[in-house]
Amino acid sequence: MDSNRFTASHGRYRQAALFLLWVSLFVMGIRTVMIVVNPLLVDSALGYAWVSDRIHHFHLGLLVLLAGYGVYRKQRSLFLVFLAFGLALIFEEYLVIIYELGISVPYNYLSRTDNVVVYGISGIGVLLALFEKMKR
């Protein structure tokens with residue numbers, strides 16, 4: 001009985017570590033795309049209008065989470081990927097969400113400090129996930 005309990009918790013830890021790894025890697029990927037694409041968009045009038053609109057990619061993250069619910073009902077194996085990607089879209093734009101809540105922060109979205117925070121926290125997530133996978 002005890003070995004079954006250990007095996008079940010062992011599987012949950014591995015699944016949680018894999019989920020943390022996916023979220024962290026998605027956040028890093030999204031931030032890298034934003035660093036590369038944002039200057040290209042801001043240089044053109046159409047791109048600037050597109051970047052300056054009221055729709056942010058954390059809104060898309062909420063839609064991905066809703067789509068993940070539909071996927072969960074049909075194919076559960078893809079649910080964690082939808083959940084990880086949706087949360088990554090939301091977490092990557094944490095600073096915009098903080099601004100929307102009316103909280104002032106001494107640095108801006110995509111600034112050097114913001115990039116250090118995002119890559120630092122995501123890097124810690126990757127290290128924790130890999131440590132957990134190696135430990136078990």
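Rule-based calculations on the coordinates, nothing more; no lab input. Bear in mind the structure is a predicted one, so any value in this text is a computation, not a measurement. Backbone-built Cβ (ideal geometry, glycine too); neighbour counts: all protein chains shown.
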Please provide three numbers in whole Å: the alpha-carbon extents of segment 85-136 along the principal axes, with the largest listed first. 43, 23, 15
Computed over the chain, the ratio Rg/Rh where both radii use C-alpha atoms and Rh is Kirkwood: 1.06
How large is ³J(HN,Hα), in whole Hz, for each residue of segment 102-110 in order, when computed from phi with the Karplus curve 6.51 cos²θ - 1.76 cosθ + 1.60 and θ = phi - 60°, using x for Gly and Pro? x, 9, 8, 10, x, 9, 9, 4, 6
Could you line up TYR109, TYR69 from fewest to most neighbouring Cβ atoms inside 10 Å? TYR69, TYR109
Under a point-charge model restricted to the Cβ atoms of Lys and Arg (+1) and Asp and Glu (-1), what is the dipole moment magnitude of segment 2-135 relative to its Cα centre, in debye to the nearest 20? 680 debye
Measure nothing but the geometry: give the 0 to 90° angle between the long axis through the Cα atoms of 57-74 and the longest principal axis through the Cα atoms of the chain, rounded to 10°. 30 degrees
What's the angle, to the nearest 10 degrees (0 to 90), between helix 2-42's Cα axis and the longest principal axis of the chain? 10 degrees
In degrees, nearest 10, the alpha-carbon axis of helix 79-92 is tilted away from the dominant principal axis of the alpha carbons of the chain by 40 degrees
Among LEU127, ALA84, GLY102, the residue whose Cα sits farthest towards the positive end of the charge dipole of segment 73-130 (+1 at Cβ of Lys and Arg, -1 at Cβ of Asp and Glu, taken about the Cα centre) is ALA84
